[in-house]
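To start, the structure itself, in structure tokens.
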Amino acid sequence: MKTLHVELGERSYPIFINDKLLGQADLITPYIPGKQVLVVTNETVAPLYLDKVLTSIADFEHEHIILPDGEQYKTLEITQRIFDRLLQTHFNRSATLIALGGGVIGDMTGFAAACYQRGIAFIQIPTTLLAQVDSSVGGKTGVNHPLGKNMIGAFHQPRCVIADTSTLNTLDDRQLSAGIAEVIKYGLIRDVDFFYWLESNVDKLIQRDSEALAYAIERSCINKAEVVAADEREGGQRALLNLGHTFGHAIETGSGYGTWLHGEAVATGMYMAADLSHRLGWLSADSLERIKSLLQKARLPVDAPIEVSSQRFLELMAVDKKVLAGKLRFVLLHAIGQSLVTEDFDHKHLHAMLDEIPRIDSKSLAS
Ligand code: NAD
Ligand code: GLY
């Protein structure tokens, strides 16, 4: 088993990565502070993995709640169901929540844990590639608002992250590719050698080669843990983890939550950021082409949705969390592996990129 650490002083925690970790009581038990545990999952993941997790917490007073599946349910209304259950069952301040599922369940459960009685413990058991390489690590939690993605949330770190790579065997191909988008992100923002590794190994990831997947998860988590340890609350370099997300969140909100997978929207968003960087004279044509080729090899989109016009992109991006003093800020690239956050560029290039980026029908993603 690989064990990594997110170093955050008294809030430090381990990330365990291996196959067949679910069901291991001795792994999870030390991270449950009290006697009461509520497992939060959804209707897709519950039949696959809930029993195993319940076995591992059999010695605790435990409950579970099964939420509807989908990005469109990552809302305050659905999170209320978690609070209802916690109160109905008289769970107290020493209770622990366990998030069993992808990033949607992880973000909602973490948010519920941050709010319930002003904050209780929680554990992440991520079951998608995206959640294992990104969303379960770092303590960003929250829900969507009709006007903006992840706009209601809190920083709240988990007690541990248990990434059981065997859960990826049941993930469908489209979801696997969506997770690879966030893996590629680390190469682009800060780890050029990882980008080169991905160029040579992306086919293995697509084919679910277990060694390649384990390596990609570990290297992604190392990158994420380093960034989070240096800048937990996104005062500086953590913003780089949002490469492609300003465009991507506009795609997700503008096309209707759940139409584009988060990773797909990030893939196109990263390509848009790279295209803009190239127009600004910062990124070479060769690098832009390599980025496009890697995303396409990972079976990810690089075109924007027809239904989100340039004007709509600008309206949606105006509520981005990186807007500072009314100014839009973007994560852009100087080179593969060298990123920066900036507002300081001629916006005529942004408008030209938005007008000229090819458009696709969102329905083609599901086919
Ligand atoms: P998701 O949670 O919707 O999961 C994708 C789909 O896979 C769902 O239908 C889910 O039920 C299903 N699923 C989960 N595990 C499975 C398994 N092992 N086998 C079969 N099916 C399985 O989506 P996601 O891609 O995991 O996460 C996306 C969310 O994560 C977005 O809401 C995004 O905003 C958020 N996110 C958060 C952070 C963060 O730092 N907190 C970072 C990146 C993304
Ligand atoms: N996914 C962006 C972050 O965790 O900061």
Could the peptides 69-78, 129-138, 322-331, 293-302 be put in order, highest first, of the mean number of other beta-carbon atoms found within 10 Å of their residues?
129-138, 293-302, 69-78, 322-331
Given charges at beta-carbon only (K, R positive; D, E negative), |dipole| of region 1-122 in Debye
240
Once every DSSP H run of n ≥ 4 in the chain is given -39500 (n - 2.57) and the sum is divided by its residues, what mean residue ellipticity at 222 nm do you get, rounded to the nearest 500 deg cm²/dmol?
-13000 deg cm²/dmol
From highest to lowest solvent-accessible area (probe 1.4 Å; ligands, DNA and RNA excluded), 93, 219 read 93, 219
If amide hydrogens are placed 1.01 Å from N in the peptide plane, which non-local residues have theirs closer than 5 Å to the one on residue 122?
97, 159
At a 1.4 Å probe radius, carbon and sulfur cover how many percent of the accessible area of the chain?
49
Set 224/292; 185/224; 74/149 screened for pairs whose C-alpha atoms are more than 18 Å apart
224/292
At 7 Å along the Cα-to-beta-carbon direction for both residue 222 and residue 154, put a label point, then send me their distance in nm to one decimal.
3.4
Please list 3J(HN,Hα) in residue order for region 350-357, calculated via the Karplus relation 6.51 cos²θ - 1.76 cosθ + 1.60 where θ = phi - 60°; whole Hz, with x for glycine and proline.
5, 5, 5, 4, 4, 6, 9, 4
Where the only charges are on Cβ atoms (+1 Lys, Arg; -1 Asp, Glu), what is the dipole of region 284-339 about its Cα centre, to the nearest 20 debye?
200
Take residue 344, project a point 7 Å from its Cα along the Cβ direction, then tell me which residues of region 260-274 have their backbone nitrogen under 16 Å from it.
none
How long is the gain from residue 200 to residue 324 if the chain were fully straight, where each residue apart is worth 0.36 nm and the alpha carbon distance is subtracted?
40.8 nm
Rounded, prolate or oblate: which one fits the chain, using the alpha carbon gyration tensor with axes a ≥ b ≥ c (rounded when a/c is under 1.5, else prolate when a/b beats b/c, else oblate)?
prolate
Using Cα positions and a limit of under 13 Å, work out the aspartates and glutamates in reach of residue 322, with same-chain residues fewer than 8 apart set aside.
234, 343
On the formula 1/(1 + (r/R0)^6), with r taken between the Cβ atoms of residue 8 and residue 76 and R0 of 30 Å, the FRET efficiency rounded to 0.05 is 0.65
HN-Hα J couplings of region 227-236 from phi, Karplus 6.51/-1.76/1.60, θ = phi - 60°, integer Hz, Gly and Pro as x?
5, 5, 4, 7, 7, 4, 9, 6, x, x
Label zone at residue 43, where the point sits 7 Å out along the Cα-to-Cβ direction: region 91-132 residues whose backbone N lies under 16 Å:
105
For 28, 222, the accessible-area ranking with a 1.4 Å probe, largest leading, is 222, 28
Distance between region 321-367 and region 106-131 - C-alpha centres, whole angstrom
30
In nm, to one decimal, how far is the residue 169 label point from the residue 233 one, both placed 7 Å along Cα→Cβ?
4.4
Would you kindly derive the ³J(HN,Hα) couplings of region 119-131 from the backbone phi angles with the Karplus curve 6.51 cos²θ - 1.76 cosθ + 1.60 (θ = phi - 60°), listing them in order in whole Hz, with x for Gly and Pro?
x, 10, 6, 8, 10, 9, 10, x, 10, 10, 4, 4, 5
Mind checking the dipole of the chain: about its Cα centre, +1 per Lys or Arg Cβ, -1 per Asp or Glu Cβ, Debye to the nearest 20?
540
Could you let me know the centre-to-centre spacing of region 207-262 and region 1-40, using Cα atoms, in angstrom?
21
Highest-fluctuation residue, 115, 221, 160 considered, GNM on the chain with Cα pairs under 10 Å
115
Restricting to lysines and to Cα separations under 19 Å from residue 348, and discarding same-chain partners fewer than 8 apart, the set is 327
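The values are calculated or read from the model by the stated rules, or taken from the named source; none is laboratory data. No experiment lies behind these values; they were computed from the predicted model shown. All Cβ positions, even for glycine, are placed from backbone atoms using ideal geometry, and neighbour counts span all protein chains on display. Surface areas here come from the heavy atoms of the whole protein model, side chains and all, with no ligands, DNA or RNA. Shrake-Rupley method; radii C 1.70, N 1.55, O 1.52, S 1.80 Å.
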